[in-house]
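Asker: Pasting a structure here, questions to come.
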Amino acid sequence: GGGIVVMLASERVATWFRFHPALVALPAFIVYNVALAWWLDLTGELREFWSLHHPSIPFFGFLLGAVLGLSPTILAMAVNREVTAQPLALTMAGVLLTFCTVCWEELWFRGVALNLMAARAVGPVGAAVFSGAAFAGVHALNPSIRLIDAGPNLFLAAVLLAAGYFRFRSIFFP
């Protein structure tokens, strides 16, 4: 519930100041997670899962994400010559906004709330499944996504990211 409030408030604030919502949502979700960790006495988990005890994880996570994200474009260019005639619009602003969006989504779905569910309610497997269902469900708010088609992939991706979060004990993996 709190994540939806943060997301909607971020969009409203971004509209007022004419910023992209991702630039407002990322710091808002950082503050939300820190406040939630403090309120629920999960600051130890926050320190553990947000530390840079494995500094290579963010680099390899970013590299793997870039490969997965660019694979459809590269495949399309290899199969269809018309696609190669169109310039790829990779700008620094686009990369920054995408990075901010991915970060705030990870903080929402694999932040302190996931630790709370794992530690005090349903365990890591149940928390990963619940997080996956919530991730897929929230995407139903996006009018351009057909949940019937994309829902299973969104659910499986979220479960995989939560499993990586617990396995490597780092928010930087997802």
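Yes or no, residue by residue, for (1) open to solvent by 50 Å² or more (accessible area, probe 1.4 Å); (2) among the β-branched types (Val, Ile, Thr); (3) modelled with pLDDT of 80 or more:
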site	(1), (2), (3)
ILE30	yes, yes, yes
ASP41	yes, no, yes
GLY44	no, no, yes
LEU52	yes, no, no
PHE60	yes, no, no
LEU64	yes, no, no
LEU68	yes, no, no
ILE74	yes, yes, no
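Asker: Taking ALA128 as meeting all but one of (1) aliphatic (A, V, I, L, M); (2) at pLDDT 80 or above; (3) outside any helix (DSSP H, G or I), write down the number of the exception.
Answerer: (3)
Asker: Here's something else I'd like to know. Among residues belonging to segment 115-149 that are in contact (Cβ under 8 Å) with a residue 12 or more places away in the chain, out of contact with any Asp or Glu (no Cβ under 8 Å at 6 or more places or on another chain) and small (Gly, Ala, Ser), point out the one that is most open to solvent (accessible area, probe 1.4 Å).
Answerer: Top of the filtered list is ALA133.
The values are calculated or read from the model by the stated rules, or taken from the named source; none is laboratory data. Everything numeric in this text was worked out from a predicted model, so none of it was measured. Ideal geometry is used to build each Cβ from the backbone, glycine not excepted, and the neighbour counts take in all protein chains shown. Protein only, heavy atoms only, side chains kept; ligands, DNA and RNA dropped before computing areas. Shrake-Rupley method; radii C 1.70, N 1.55, O 1.52, S 1.80 Å.
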